[in-house]
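Data block below; observations after.
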Amino acid sequence: MDYPVVDTTSTDARFKFQVAAEPGGGGILRCFGCGSCVAACPVKKHEAAYDPRRFIKLVLLGLRDEVLAGPEIWYCATCYECQEVCPMDVRFAEAVSAVKNLAVREGHLPPAMSAQQDLLKEHGRLYEVGEFENEKRTGLGLPEVAERPDQIRTLLEK
């Protein structure tokens, strides 16, 4: 079996410590790669490319760009099955959340989140409320809804 070669010039030795410093990320340093998380993961059963053990290994090796820009971090269903079986209390679902927080701060958003962010910037909510919707609301005795995206834009910029 051929194993991929890791180019150490593209690794960041501090990355695992950054993940560990995030809320929920500390357990990632305890992983010794037993594979219990993989065996318990329902996502792995349906998505062959998803492998919690490989994900942790990439973090520990410092492959920052591959982890933060890859789609795998968004696959976790946060079902906590991995945490129930982990002998080292790695708390994988929480570690993935820590990595997601880093990814979002560095601008690596999944397409659905980017679309939601655009809608929030444009309309101040996830759904546009226009003339048609307000006519229906008026007919139901509800007040009209005005779009006020300025406050939301300010929050998103922060």
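The values are calculated or read from the model by the stated rules, or taken from the named source; none is laboratory data. These numbers come from a predicted model, not from an experiment. Cβ atoms come from the backbone with ideal geometry, glycine included; neighbour counts cover every protein chain shown.
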Scan the range 33-43 and give yes if some residue there is under 14 Å from the mean Cα position of the chain (by Cα) and surrounded by fewer than 13 Cβ atoms within 10 Å (Cβ to Cβ), otherwise no.
no
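Residue by residue, here is whether (1) basic (K, R); (2) touching a helix residue (DSSP H, G or I) at 6+ places or on another chain (Cβ under 9 Å); (3) at pLDDT 85 or above; (4) not assigned by TED's automatic domain parsing to the domain that holds P71 holds:
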{"position": "M88", "(1), (2), (3), (4)": "no, yes, yes, no"}
{"position": "F92", "(1), (2), (3), (4)": "no, yes, yes, no"}
{"position": "S97", "(1), (2), (3), (4)": "no, no, yes, no"}
{"position": "N101", "(1), (2), (3), (4)": "no, no, yes, no"}
{"position": "N134", "(1), (2), (3), (4)": "no, no, yes, yes"}
{"position": "T138", "(1), (2), (3), (4)": "no, no, yes, yes"}
{"position": "E147", "(1), (2), (3), (4)": "no, yes, no, yes"}
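Scan the range 125-158 for residues that are outside any helix (DSSP H, G or I) and more than 23 Å from the chain's Cα centre (by Cα) and jot them down.
Once the filter is applied, which keeps residues that are outside any helix (DSSP H, G or I) and more than 23 Å from the chain's Cα centre (by Cα), the range 125-158 yields E128, V129, G130, L140, G141, L142, P143, E144, V145, A146, E147, R148.
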Matching helices (runs of 4 or more DSSP H) fully within the range 60-114 where at least 2 residues are more than 19 Å from K44 (Cα to Cα):
64-69, 92-105
Loosely packed, with under 14 Cβ neighbours inside 10 Å and within 26 Å of D7 (Cβ to Cβ) - does that describe any residue in the range 85-98?
no
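Looking only at the range 129-141, decide whether some residue is within 24 Å of E66 (Cα to Cα), among the β-branched types (V, I, T) and touching a residue at least 12 places away in the same chain (Cβ under 8 Å).
no
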